[in-house]
Each structure stands twice: as structure tokens, then as C-alpha cells.
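A.B. asks: I have a structure here, written as C-alpha cells, and I will follow up with some questions on it.
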Amino acid sequence: MVVLKVEGKDYPMRMDMYAMEQIEEEYGSMKDMFDKLQKGSVKIVKSLFKILANSALSYQGKEETVTGEELKRLRVSAINGVGVAVRAAIEEGMKSETTGGSEADDQVFDVYLAELESKN
């Protein structure tokens, strides 16, 4: 599980079906979320941090308490690290969700990974 440290506190992040449902509620579809994530806005990174961190808490049987405000006072230079952690959590989760999953999910994930790798 990907863990992001924000001002000395660890925030595990988990991409699973629960997070995917939250993403679909927020963005309409996984594809729409990936499209917006590629544009790299701070708003989407903050939103995904909240969804993925709360998914990890839910998975651990804990109350969802991450609001996204935890990122409010981060320096601009630290936001890139949040984005990297969010992408890593999504990648880790999508690999486990699509292993043996639907071909459509695999195709969306493969396109997303190819776009990420082309930017690096």
C-alpha cells in the first residue's frame, strides 16, 4: 500500500472498488478521472488523495476522516510528491483490480500507464 507522509503524519492510500465507486461519483467515469489527472490540476490531486486515503481507512475498518484539508498548507514544491503518490496508489490498485478483470478495464489502465510513461 502506498503511504504518503504529510507534515509528519502517514496517510496510507488504497485504490480499490470502493475508491473506484467514489471516483465515478465525483468524475463520472474512470476514463474522465484519468483525463483530468493527466492535466495535473491541484484540485484533482487533492480530491484523489482524499478518496484514496479514505478508502485505505475504510479497508482498515476505520472511520473516514481525511478531508483534503491536510494538504492545505503544503508548499507548492510538495504538491508534486502528492501527485506522484496518488499515481502510484492508482497504479498499484489498478494492477490488482484488473488482474483477471475485464478487458475494458485493462485497456483503460494500459492507456493511462502508456501516457504516464511517455511523460517520464
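The values are calculated or read from the model by the stated rules, or taken from the named source; none is laboratory data. On a predicted model such as this, the values are computed, not experimentally measured, just so you know. Neighbour counts are summed over all protein chains in view; Cβ atoms, including those assigned to glycine, are modelled from backbone coordinates with ideal geometry.
A.B. asks: Tell me, please, whether a residue that is free of Cβ contacts under 8 Å to residues at least 60 places away in the same chain, touching a Gly at 6+ places or on another chain (Cβ under 6 Å), of a type in the set (Val, Ile, Thr) and in a helix (DSSP H, G or I) can be found in the range 18-31.
C.D. replies: No - not one qualifying residue is present in the range 18-31.
A.B. asks: Return the residues of the range 43-77 that are surrounded by fewer than 16 Cβ atoms within 10 Å (Cβ to Cβ), in a helix (DSSP H, G or I) and modelled with pLDDT of 85 or more; say none if nothing qualifies.
C.D. replies: Selection gives Lys43, Tyr59, Glu69.
A.B. asks: Can you name the number of the only condition in (1) of a type in the set (Gly, Ala, Ser); (2) modelled with pLDDT under 90; (3) surrounded by 14 or more Cβ atoms within 10 Å (Cβ to Cβ) that Ala89 fails?
C.D. replies: Just one mismatch for Ala89, condition (2).
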